[in-house]
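Right, one structure below, let's go through it.
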Amino acid sequence: MALPPALGQAFRMVAAELGMRSAARLFLRELMGEGGAPLVREARDKLGREFPVLDFVAEQWLSGRAEAPLDPAGVLDALRGVTRLLVVGLEADALDVLVPRLSGVEAGLVTDAGGLDPDFRRVLANYDGLMEPVGLSELHRWAGRRSALLTFVYGTDGHAAHVSPSWLRVSGPDVRTQFRSLIGWDILGQPMTVYPRWMVETCAGDFSCLVGPAPPAPEAAAGAGQPRAPAPAREAT
């Protein structure tokens, strides 16, 4: 089987509404099922430099390394005492495991695309009212001593961290002091190996808490690089 000719365009559209890591796993799972490792390798070689997160995930699968599971436990620990959480950036897989467990926490999603153009109404419809849209002009309403900002980190070396461009628009010194916590959730666990297009670099030390992924379970390591079971159906894009 050959790669679809418009795969890159399709990936960008899906990544806008799922996030880069979530879209990469979805696309690569389908390619693995259709053509196995050779098709995944071809997709990595063709699209990896344009979409470095896809390159990262594909390389994990092809090399037999197990993915670190998206365990929200560390984030939930960092949110103890927090009553309002504002999320900057979009990763559907991560939000799917986090948002239903935010008991007693009001959650919002900043509606700034950070270079992509999702339909936020469609994105938020998947959370059944558990998250609400928040414009940049509304940040002050979410600030307070029991409020937190969270963004997704795409690998860090301990000094620099790569994040969505939208993070830099809300994490300046004037905003930072208005929130109790600034949480970075590292959803890759390692730095990307190609130039991190679509991301910007920030200082890891700017986060009050940087949460890393949990270690892979032993049984996950045995099945590394294999297609995973499909995630629960999301609203069609």
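A residue that is more than 19 Å from residue 212 (Cβ to Cβ) and in contact with an Asp or Glu (Cβ under 7 Å, 6 or more places away or on another chain) occurs somewhere in segment 103-112.
Scanning segment 68-94 for residues that are charged (D, E, K, R) and more than 14 Å from the chain's Cα centre (by Cα) yields 77, 80, 84. Taking (1) of a type outside the set (Asp, Glu); (2) at pLDDT below 95; (3) open to solvent by less than 40 Å² (accessible area, probe 1.4 Å) in turn, residue 25 satisfies each apart from (2). So for segment 149-157 (the condition being touching a helix residue (DSSP H, G or I) at 6+ places or on another chain (Cβ under 8 Å), open to solvent by less than 20 Å² (accessible area, probe 1.4 Å), modelled with pLDDT under 95 and at negative phi), does at least one residue qualify? The answer is no; no qualifying residue exists. Residues in segment 178-187: is at least one surrounded by fewer than 21 Cβ atoms within 10 Å (Cβ to Cβ) and touching a residue at least 60 places away in the same chain (Cβ under 8 Å)? The answer is yes, given that some residue of segment 178-187 is surrounded by fewer than 21 Cβ atoms within 10 Å (Cβ to Cβ) and touching a residue at least 60 places away in the same chain (Cβ under 8 Å). The set of residues in segment 103-132 that are hydroxyl-bearing (Ser, Thr, Tyr) and either open to solvent by 30 Å² or more (accessible area, probe 1.4 Å) or not in a loop (DSSP other than H, G, I, E, B) (or both) comprises 103, 111. Per the conditions (1) open to solvent by less than 70 Å² (accessible area, probe 1.4 Å); (2) within 17 Å of residue 83 (Cα to Cα); (3) not basic (Lys, Arg), the sole criterion not satisfied by residue 140 is (1).
Among the residues of segment 218-234, none qualifies, meaning not one is modelled with pLDDT of 95 or more and in the same structural domain as residue 122 (by TED's automatic domain parsing).
The values are calculated or read from the model by the stated rules, or taken from the named source; none is laboratory data. Remember, predicted model here, so these are calculated numbers, not experimental data. With ideal geometry, Cβ positions are generated from the backbone for all residues, glycine too; neighbour counts draw on all protein chains shown. The protein model used for the area step is the full one, side chains on, heavy atoms only, and it has no ligands, DNA or RNA in it. Shrake-Rupley method; radii C 1.70, N 1.55, O 1.52, S 1.80 Å.
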